[in-house]
1. All but one of (1) more than 21 Å from Arg443 (Cα to Cα); (2) open to solvent by less than 30 Å² (accessible area, probe 1.4 Å) hold for Glu124, so report the exception by its number.
2. Just to verify a result, which residue in the stretch 69-80, among those that are exposed (fewer than 14 other Cβ atoms within 10 Å of the Cβ) and assigned to a helix (DSSP H, G or I), is modelled with the lowest pLDDT?
3. Which one of the conditions (1) open to solvent by less than 50 Å² (accessible area, probe 1.4 Å); (2) within 30 Å of Leu95 (Cα to Cα); (3) under 33 Å from the mean Cα position of the chain (by Cα) does Glu217 fail to meet, given that it meets all the rest?
4. Return a yes/no flag: does the stretch 248-265 have any residue that is under 20 Å from Ile25 (Cβ atoms) and in contact with a Cys (Cβ under 7 Å, 6 or more places away or on another chain).
5. If you go through the stretch 81-121, how many residues are open to solvent by less than 20 Å² (accessible area, probe 1.4 Å), free of Cβ contacts under 8 Å to residues at least 60 places away in the same chain and closer than 12 Å to Tyr229 by Cβ?
6. For the stretch 235-256, which residues satisfy the criterion of being open to solvent by 30 Å² or more (accessible area, probe 1.4 Å) and either out of contact with any strand residue (DSSP E or B) (no Cβ under 9 Å at 6 or more places or on another chain) or of a type in the set (D, E, K, R) (or both)?
7. Only residues that are within 29 Å of Gln219 (Cα to Cα) and surrounded by fewer than 17 Cβ atoms within 10 Å (Cβ to Cβ): list them for the stretch 127-159, please.
8. If you go through the stretch 175-193, how many residues are in a loop (DSSP other than H, G, I, E, B) and exposed (fewer than 12 other Cβ atoms within 10 Å of the Cβ)?
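The values are calculated or read from the model by the stated rules, or taken from the named source; none is laboratory data. Computed from a predicted model, the values in this text were never measured in an experiment. We place every Cβ from the backbone using ideal geometry, glycine too, and count neighbours over all the protein chains shown. Only protein heavy atoms, including side chains, enter the accessible area calculation; ligands, DNA and RNA are left aside. Shrake-Rupley method; radii C 1.70, N 1.55, O 1.52, S 1.80 Å.
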Amino acid sequence: MKLEMVPQLHMQQTLSQRLQQSAQILQLSAQELQTLVQDSLQDNPLLEPAPEPAAPVREGLSHPVSSQSAHLIDKHDISPAPRSRDEQILEHVRLSHASERCKALCALIVNALDDNGYLRDHFEDLLSAGYEHIPLAEWQTALALVQSLSVPGTGAHCLSDALRLQIQARHSLDPVLKQRLLKLVATELPALAQGEWSQVQSRLNLSDADFHQALRELQSLDPNPGLAYLEPLRQAITPDVHVYRDGKHWRVLADPRSLPRVQVHQEYAATLEQQARTQQNRPLHSALTQARWLAESLAMRRSTVCRVAEFIVRHQILFFELGEQGLQPLRISDLAKELDLHQSTISRATANKYMSTPFGTLSFRHFFSGELETDFGGSCSTALVKEQIRRLIASEPERQPLSDVDLHQALRQNSVELSKRTVTKYRLQLGIPNARERLQRARLRAVSGQDVHPLN
């Protein structure tokens, strides 16, 4: 067989560097965009912040913003991006007096923690192939350091280990109660999960008062200690737009923190335009081109995000009037067709974007859902079905929780056509446990007299 090199011609469509930059900027979150703009202003001498209009002007709608909404925005109120869980823990490790070798092991352990703060991997699996063997005692020392410098329970191998660490960290606990709790989490968690209260109480030889006290203390522990680091991140979300009522109409107001403006320094640009493009001026001309691209990309991002927000508000007007029950079916393809934009553009424009509404700060994606048929020929959104499931479970008798079969029958009585498997899927997406688990928690509430923290 003879191999030959044969030239062939073919056409391929590619995005220019300018369009690639615009696409990347469009899909950035507010925090990422703020970092990009701040870095660009520092690195490019031809860029400067563009002044905001004297009175906030709505993007995408023709009506002016009322003076009552001016307090929503302070363009100087830009808080730094919060640090991640790993960054916070490793900062504490760095400031400790441990050896550099121990700190390196701590970094491997921290990077292996899952979202809930558990270390599921074995120590030997944290090292790549070819590295020297690390004695178990060194790993245990590093893990103990991570656990002591983190939210109590972080770095545990399992649920009972996480609860044990939290109990040991509560120095104000009565020693007798602490010993009861340690024994409870070490041996009786499976029995408690099955609702075998009397058997557990008998095995531990506790009175009713002591057993109830132990249960109350147990339910105050956190089964997912790693999630405690996510709370500041939730609070740090900056809305891209604000939606508020102005008389009989709903208005959309762009937030300058999430949709910033920059401009090219006109005096410098004019001077460069007049000069010949000599070799020594090429870096400045490149900086001028980059500055113009960034300014145009930010303006395009601002316009696209506001157009998308306007369409969402117009299409989901019942949501802003009634709440979740008014959410209508909406797909990205519908929005793309209405705005005459490509679906990939809409996907980028809705990714990592948030809208401040009377019902809280919600993701743009919250307003997109498929549709389900009803037996009378109409349709309803999947979000509405999820809301119906949530309400059915919220109003169920504590001692007789609704199974997925019961939920399926109740939805069919409301003319919603879907399978039982879909009901289960929606319940799981809502983060609601099954009927058996809800019954167990109801029993624990009855025993302890308080709300139950989910030990799952």
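1. (2)
2. Among them, the one singled out is Ala70.
3. (2)
4. Within the stretch 248-265, one or more residues are under 20 Å from Ile25 (Cβ atoms) and in contact with a Cys (Cβ under 7 Å, 6 or more places away or on another chain).
5. Final tally of qualifying residues: 1.
6. Those that are open to solvent by 30 Å² or more (accessible area, probe 1.4 Å) and either out of contact with any strand residue (DSSP E or B) (no Cβ under 9 Å at 6 or more places or on another chain) or of a type in the set (D, E, K, R) (or both): Gln235, Arg245, Asp246, Gly247, Lys248, His249.
7. Correct list: Gln140, Ala144, Ser148, His157, Cys158.
8. 0
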